[in-house]
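What follows is a single structure, written as structure tokens, with notes after it.
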Amino acid sequence: MRCLALFLLTTFVSSASLADGPPFPTPPQTLYPGLFQQVADARLYADSKVFADAAPRMAPEQVMAAYLAQRPADADALRAFVSRHFIVPGSEAPASQAAALSDADARPPSASIGRHIDALWDTLTRHSSAPVAGDSLLALPQPFVVPGGRFREMYYWDSYFTMLGLARSGRQDLLASMVANFGALIDTWGHVPNGTRSYYLTRSQPPFFYAMVGLLAPEDPAAAWAKWLPQLRREHAFWMAGESETAPGGATRRVVRLSDGRLLNRWWDDADTPRDESWREDVELAKASGRPPSEVYRALRAGAESGWDFSSRWLADGTTLATIETPSIVPIDLNSLLYGLERAIRAGCRRTHDIACDREFGTRMARRREAVDRHLWE
């Protein structure tokens with residue numbers, strides 16, 4: 001028996017409208033119709049993420065006009081078209097960045113691993129205050145650290161562990177900048193996306209923002225939670241969207257109400273199309289699965305939201321990715337994190353003397369703990 005609560009729904013409630021906020025920027029698969037799919041099908045790049053991250057050299061509508069006029073007929077013509085109209089990641093890396101990476105990798109054998117890591121923070125620091133139109137990169141007001149390699153943007157839960165390292169290295173400045181960036185994402189989009197790309201906006205990742213904020217004042221985290229209370233509460237609202245209209249035995253977006261009326265959460269994605277960063281792989285898997293493609297795409301996307309992309313815990317048969325069923329599982333880790341978020345909000349509300357908020361989140365904590373104890377232990 002798996003140490004997770006499986007819930008069987010007679011019907012899946014389809015995605016509700018997204019949280020209030022500006023319209024999401026158009027992701028590459030929609031911004032470049034036909035072209036995006038042709039690049040994926042032609043296997044122009046071994047990694048599907050490469051073209052999803054390419055920045056156009058001109059306005060997207062000009063790119064599409066040229067594509068429709070030229071209609072590249074083969075892989076060579078297509079590659080030449082992409083090269084003329086896009087800056088492809090890795091093709092024009094700044095010399096200074098390449099030199100910095102080379103210097104960091106050339107650590108003398110006598111140097112400590114700690115000093116090596118300290119030197120890498122600046123190498124992995126990026127800025128994205130003003131991406132060009134049509135670039136999938138999202139703007140951020142402050143510097144941030146990227147994982148490196150194919151991951152050229154800031155990610156959600158990965159960054160918490162990066163921030164633990166920054167704190168250990170004495171880089172409180174960069175840690176504070178990253179907290180400010182996550183707060184800005186919540187202010188702008190209503191939640192923290194999986195990563196800072198347009199194609200990640202329909203999902204989030206494990207909600208570690210409250211833990212990140214706590215790192216700003218490790219001796220008195222409630223003071224930091226009080227300062228960031230609006231963002232903490234808005235993130236909580238994102239995860240709980242749909243709770244009021246969800247009947248026992250049903251689910252709405254990330255909210256699940258079990259048959260006994262208790263409320264818990266699941267992983268989800270508000271889109272049910274192939275992921276931009278894995279388009280070809282997702283299409284091929286859906287075709288081989290024998291299942292409705294949209295069901296497979298949603299489950300893959302939800303698995304990406306979980307951060308466990310992809311663990312056997314999401315697979316119906318425990319082995320085959322084509323059996324993925326992430327939205328049908330109520331996971332202990334997500335609900336533990338949301339309990340932590342509710343506890344942080346309550347502590348912030350107490351610090352600001354907001355009695356109504358204190359009571360509300362005290363009740364939410366108690367109910368979630370009761371539901372976890374009842375359903376998520378074997």
Quiz item: Scanning for something part of a helix (DSSP H, G or I), within 22 Å of Glu243 (Cβ to Cβ) and polar (S, T, N, Q), does the range 336-359 turn up at least one residue?
Solution: yes
Exercise. Go through the range 316-325 and count every residue that is under 19 Å from Arg254 (Cα atoms) and surrounded by fewer than 22 Cβ atoms within 10 Å (Cβ to Cβ).
Key: 1
Quiz item: With the range 203-306 as the region, which strands (runs of 3 or more DSSP E) entirely inside it contain at least 1 residues that are touching a Gly at 6+ places or on another chain (Cβ under 6 Å)?
Solution: 250-252, 255-257
Self-check item: Selected residue [in contact (Cβ under 8 Å) with a residue 60 or more places away in the chain, farther than 23 Å from Val330 by Cα and small (Gly, Ala, Ser)] from Ala222, Ala251, Ala241
Solution: Ala222
Quiz item: So which residues in the range 127-157 are farther than 23 Å from Tyr210 by Cα and not in a loop (DSSP other than H, G, I, E, B), if there are any at all?
Solution: Leu137, Gly148, Phe151
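Tell me yes or no: at least one residue of the range 179-190 is in contact (Cβ under 8 Å) with a residue 24 or more places away in the chain, closer than 23 Å to Ser278 by Cβ and buried (at least 22 other Cβ atoms within 10 Å of the Cβ). Let's see the steps before the verdict.
So in the range 179-190, the residues in contact (Cβ under 8 Å) with a residue 24 or more places away in the chain come out as 179-190.
Adding the requirement that they be closer than 23 Å to Ser278 by Cβ leaves 185, 189.
Filter once more, keeping what is buried (at least 22 other Cβ atoms within 10 Å of the Cβ): 185.
So far as the range 179-190 goes, yes, one or more of its residues are in contact (Cβ under 8 Å) with a residue 24 or more places away in the chain, closer than 23 Å to Ser278 by Cβ and buried (at least 22 other Cβ atoms within 10 Å of the Cβ).
For the structure I just gave you, tell me whether Ser328 is surrounded by fewer than 16 Cβ atoms within 10 Å (Cβ to Cβ) and under 24 Å from the mean Cα position of the chain (by Cα). Working first, answer last.
Working: surrounded by fewer than 16 Cβ atoms within 10 Å (Cβ to Cβ): no; under 24 Å from the mean Cα position of the chain (by Cα): yes.
For Ser328, the condition - surrounded by fewer than 16 Cβ atoms within 10 Å (Cβ to Cβ) and under 24 Å from the mean Cα position of the chain (by Cα) - is not met.
Considering only residues of the range 212-252 that are among the charged types (D, E, K, R) and more than 25 Å from the chain's Cα centre (by Cα), which is least open to solvent (accessible area, probe 1.4 Å)?
Of all residues in the range 212-252, those among the charged types (D, E, K, R) come to 219-220, 227, 233-235, 243, 245.
Now drop any that are not more than 25 Å from the chain's Cα centre (by Cα), which leaves 219-220, 245.
Working: Glu219: 179, Asp220: 62, Glu245: 119 Å².
Selected residue: Asp220.
The values are calculated or read from the model by the stated rules, or taken from the named source; none is laboratory data. Every value quoted in this text rests on a predicted model; they were computed, and no experiment measured them. All Cβ positions, glycine included, derive from the backbone under ideal geometry; neighbour counts span all protein chains shown. Heads up: the accessible areas ignore ligands, DNA and RNA and are worked out on the full protein's heavy atoms, side chains in. Shrake-Rupley method; radii C 1.70, N 1.55, O 1.52, S 1.80 Å.
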